[in-house]
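Everything below concerns the one structure shown next.
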Amino acid sequence: MTKTALIFHEHCELHDMGEDHPESPRRTQAIREQLIKTGLMPDLVQLRAEQASTEQVLRVHHQTYVEQLDRISPKQGLVQADPDTLIGPYTWEASYRAAGAGVQAVDGILNGEFDRAFCAVRPPGHHAEPNVTMGFCFFNNVAIAVEHAIKHHGLKKVAIIDFDVHQCNGTIEMFQNRPDVAIFTSFQHPFYPNSHWAAEHPHIHLTPMVAYSDFRDVKLAWQEQWRPALVAHQPEMIFISAGFDAHTKDPMSQTNWQSEDFYWLTDAIVTLANELCAGRIVSVLEGGYHLAALAESAELHIRRLTEE
């Protein structure tokens, strides 16, 4: 069994955008409950997420943006940051811990404390651009972790695989002129956020999915495009933006992935990571809004991370 960390923090569940908001504290709770129910939890190195430093956040976000979010953070109630993203009294610390979890994962892997990590944190991050809050996201958690791996640990090449059903506009915005960071993303199209879906950069690999499609297109893309491009890129670490909202039961999408498809894709990533970068994988939670489907899919994803 591969030593895999589960990084989370109860403060991430205090961030609450309202009873009817799909990005609910119950999301990470459901994942942990599933890990306990299926007996996987004792096999994981359980760590409480540390806060990212301001310096780490500012590697990918503008200082004026961070200062503005800090100014509008309320002591009570909710403040609208964009049409579907709200800031409450606990959002600021939750955001720093969600970003810090990825940094912590990078450090733990490169320092030899564990081999892989899954960060069960929220708010999610892949829609956040350098100076834009959107799509339930404040800080781009994966981008912050990637820059930490490069700037602090000196990695030369990394890869980001984003299989959330919504396109990772923020991540692409940050790395579209950075060929050291290869990006592979599958997403329903046309669909939110309707941007960056036609970026013409050789290190960015886009796999749009039509509504009501199943997993076959992405499986084919992995075999014919993603895997060969990853082998050519030779990343020293692979980062995953792990969104589980392509699931057929998810209310936020119209694609028909099954829970087992997330296991298949994780298996493909792990197998290749073992070949290319000593199995080093940092996976960070993004979307997934049907609690039962999210819990089952995330558990299969994490289970494969723990296997050789």
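Readers should treat all values here as calculations from the given coordinates under stated rules, not as data from a laboratory. Just so you know, these numbers come straight off a predicted model, no measurement behind them. For neighbour counting, all protein chains shown are included, and Cβ atoms are generated from backbone atoms with ideal geometry for every residue, glycine included.
General observations
- Whole-Hz couplings from phi, Karplus 6.51/-1.76/1.60, listed for the stretch 132-138; x for Gly and Pro: 9, 8, 6, x, 6, 10, 10
- Unit charges at the beta carbon, dipole of the stretch 4-306: most positive-side option, Ala292, His148, Pro124: His148
- Separation between Cα centres of the stretch 30-71 and the stretch 235-308, rounded to whole Å: 17 Å
- Estimated from the Cβ-Cβ distance and a Förster radius of 30 angstrom, the FRET efficiency linking Glu19 and Tyr212 is about 0.50.
- Computed label-point distance, nm, for sites Met41 and Ser53 using a 7 Å Cα→Cβ extension: 3.4 nm
- Residues in the stretch 265-287 reached by a label modelled at Ala232 [backbone nitrogen below 20 Å; 7 Å Cα→Cβ]: 269, 272-273, 275-277
- Relative packing of peptides 6-19, 276-289, 179-192 - highest average C-beta neighbours within 10 Å first: 276-289, 179-192, 6-19
- Nearest-20 debye value, the chain charge dipole, Cβ charges on Lys, Arg, Asp, Glu: 420 debye
- Gyration tensor (alpha-carbon) shape descriptor, the stretch 174-283, a/c threshold 1.5: oblate
- Shape category assigned to the chain from the gyration tensor of Cα positions, a/c cut at 1.5: rounded
- Coupling constants for the stretch 13-21 follow from the phi torsions by the Karplus curve (6.51 cos²θ - 1.76 cosθ + 1.60, θ = phi - 60°), and in residue order they are 8, 7, 5, 9, 8, x, 4, 9, 7 Hz; glycine and proline get x.
- Placed amide H near Ile160: partners under 5 Å, 5+ positions off or other chain: Ala182, Ile183, Phe184, Phe239
- For Phe175, Phe139, order by how many other beta-carbon atoms lie within 10 Å, fewest first: Phe175, Phe139
- Beta bridges by DSSP in the chain, antiparallel share as percent, to the nearest 5: 15 percent
- Among 30-39, 76-85, sorting by the average number of other beta carbon atoms lying within 10 angstrom of each residue, highest first, gives 30-39, 76-85.
- Counting every other Cβ atom within 10 Å of each residue's Cβ, Val132, Val60 order from fewest to most as Val132, Val60.
- Across the chain, the relative contact order, built from alpha-carbon pairs under 8 Å that are at least six residues apart, equals 20 percent.
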